[in-house]
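Participant: Here it is: the structure, laid out below.
The values are calculated or read from the model by the stated rules, or taken from the named source; none is laboratory data. Quick caveat: nothing in here was measured; it's all calculated off a predicted structure. For neighbour counting, all protein chains shown are included, and Cβ atoms are generated from backbone atoms with ideal geometry for every residue, glycine included.
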Amino acid sequence: MQPAPLFPEANQPDPRLVEIDALLEARYGAEVKPREVWDPLTQFIYSILSSRTKTEDSHQVLRDLRARFGTWENLRDAPVAEIEQTIQAATFADVKAPQLKTALQQITARYGSLTLDFLAKYRTDKIRQWLEQFAGVGPKTSAAVVNFSTLRRRALCVDSHHLRVTQRLRLTPRADAAVTEERLMRLVPESWDAERLDHHHSLIKLHGQTYCTFDQPKCAACPLLAVCPTGQRNTAG
Ligand code: SF4
C-alpha cells in the first residue's frame with residue numbers, strides 16, 4: 001500500500017489535521033476559555049498591541065487604554081508620547097504607539113468616523129486587503145479581526161505559535177504566516193465555521209505555549225508525538 005502523502009492535495013480536508021485537532025481537543029478542550037467577542041475596531045486595536053506580547057499583558061494594556069482615554073476617539077487624538085506611556089507593558093511600545101494613532105486617524109479620514117463596523121458588508125478578502133493597508137497590519141492581524149471579532153468570518157490567525165507548531169507537525173511546508181494560512185485553509189474541513197476555526201487556533205496556540213514551546217519542546221511527553229515527524233526525530237535513539 002502507498003504511504004499517505006505528507007502534504008495532501010490542495011482543497012482536500014487533511015485527515016492528519018483533523019486527527020491532530022481531536023488529540024488537542026482531548027488534551028486542552030476544557031481549558032479553552034470562551035472568547036469575549038469584540039467589535040472589529042476594538043479587536044484591531046488589541047491585535048496591533050498584542051503582537052509579540054503575552055496575552056495577559058495585552059489585555060492589561062487594553063484595559064489601561066480604556067481607563068486613560070475612555071473612548072477610541074480620545075485615544076486617536078492623544079499625543080503619541082501619552083499613548084506610548086500607557087502601552088508600556090506591550091513590546092515595542094515606541095513603534096506601536098505612532099502606528100496605532102496613525103491607523104486610527106487614517107480610518108477616520110477614509111470612513112468619516114472612527115469605526116470598523118462598516119466592514120461587515122464586504123467580502124472577507126476585501127476586508128483583509130483593506131485592513132492590511134495600514135502600517136503594522138499584516139495577515140495575522142487581519143485574520144484576527146475578521147475571525148475573532150463580531151465579523152466572525154472564516155480565517156486562521158497564524159501567529160508565531162501556530163506557525164511553529166504546524167511546521168513542526170509538517171502539516172504544511174515551511175513558509176511565512178500568510179502562505180501557511182492559505183495552505184492550512186485548504187486543508188481544514190469546509191464544515192468548520194468561523195467559531196470552529198477560532199477554537200482550532202486556540203488549541204494549537206495552547207499547545208505551543210505548553211508542550212511545543214520555542215526553545216524547549218517537550219516531545220517525549222507530547223500528546224501529538226505519535227503523529228509528529230519532528231517529535232519522532234527529536235526522541236529517536
Ligand atoms: S512532538 Fe515535539 S515537535 Fe511535535 S508537536 Fe509535540 S512538542 Fe512539538
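Participant: Tell me whether region 172-180 contains one or more residues that are part of a helix (DSSP H, G or I), outside the structural domain of Arg66 (by TED's automatic domain parsing) and of a type in the set (Gly, Ala, Ser). Please lay out each step first, then the result.
Facilitator: Narrowing region 172-180 to residues part of a helix (DSSP H, G or I): 177-180.
Subset that is outside the structural domain of Arg66 (by TED's automatic domain parsing): 177-180.
Next, from what is left, pick out any that are of a type in the set (Gly, Ala, Ser): 177-178.
Yes: region 172-180 contains one or more residues that are part of a helix (DSSP H, G or I), outside the structural domain of Arg66 (by TED's automatic domain parsing) and of a type in the set (Gly, Ala, Ser).
Participant: Looking at region 61-81, can you tell me whether even one residue there is modelled with pLDDT of 95 or more and polar (S, T, N, Q)?
Facilitator: yes
Participant: Within region 31-38, is even one residue assigned to a helix (DSSP H, G or I) and either without any contact (Cβ under 8 Å) to a residue 24 or more places away in the chain or buried (at least 16 other Cβ atoms within 10 Å of the Cβ) (or both)?
Facilitator: Within region 31-38, none of the residues are assigned to a helix (DSSP H, G or I) and either without any contact (Cβ under 8 Å) to a residue 24 or more places away in the chain or buried (at least 16 other Cβ atoms within 10 Å of the Cβ) (or both).
Participant: So which of His207, His201 ends up being assigned to a helix (DSSP H, G or I), modelled with pLDDT of 95 or more and near the ligand (Cβ under 9 Å from one of its atoms)?
Facilitator: Answer to the check: His207.
Participant: Here is a further query. Just checking, how many residues over region 159-193 are within 18 Å of Asp125 (Cα to Cα) and within 16 Å of the ligand (Cβ to nearest atom)?
Facilitator: Going through region 159-193 one residue at a time, the tally reaches 2.
Participant: Give region 182-237 a look and list any residue that's loosely packed, with under 14 Cβ neighbours inside 10 Å and under 14 Å from Gln167 (Cβ atoms), or say none.
Facilitator: Phe214, Pro229, Arg233
Participant: Follow-up. Name the single residue that is nearest to Leu17 (Cα to Cα) among those in region 213-237 being charged (D, E, K, R) and either outside any loop (DSSP other than H, G, I, E, B) or more than 6 Å from the ligand (Cβ to nearest atom) (or both).
Facilitator: Arg233
Participant: Look through Arg152, Arg196 and report the one residue that is at pLDDT 95 or above, away from the ligand (no atom under 16 Å from the Cβ), at positive phi and out of contact with any His (no Cβ under 9 Å at 6 or more places or on another chain).
Facilitator: Just a single option satisfies the conditions, and that option is Arg152.
Participant: Another question, then. In region 49-83, what residues are among the β-branched types (Val, Ile, Thr), part of a loop (DSSP other than H, G, I, E, B) and over 20 Å from the mean Cα position of the chain (by Cα)?
Facilitator: Of everything in region 49-83, just one residue is among the β-branched types (Val, Ile, Thr), part of a loop (DSSP other than H, G, I, E, B) and over 20 Å from the mean Cα position of the chain (by Cα), namely Thr71.
Participant: Restricting to region 207-230, name every residue that is touching a residue at least 40 places away in the same chain (Cβ under 8 Å) and under 24 Å from the mean Cα position of the chain (by Cα).
Facilitator: Those that are touching a residue at least 40 places away in the same chain (Cβ under 8 Å) and under 24 Å from the mean Cα position of the chain (by Cα): His207, Gly208, Gln209, Thr210, Cys212, Phe214, Pro217, Pro223, Leu224, Val227, Cys228, Thr230.
Participant: If we scan region 99-112, do we find a residue that is of a type outside the set (Val, Ile, Thr), under 27 Å from Arg153 (Cβ atoms), outside any helix (DSSP H, G or I) and out of contact with any Leu (no Cβ under 6 Å at 6 or more places or on another chain)?
Facilitator: There is at least one residue in region 99-112 that is of a type outside the set (Val, Ile, Thr), under 27 Å from Arg153 (Cβ atoms), outside any helix (DSSP H, G or I) and out of contact with any Leu (no Cβ under 6 Å at 6 or more places or on another chain).
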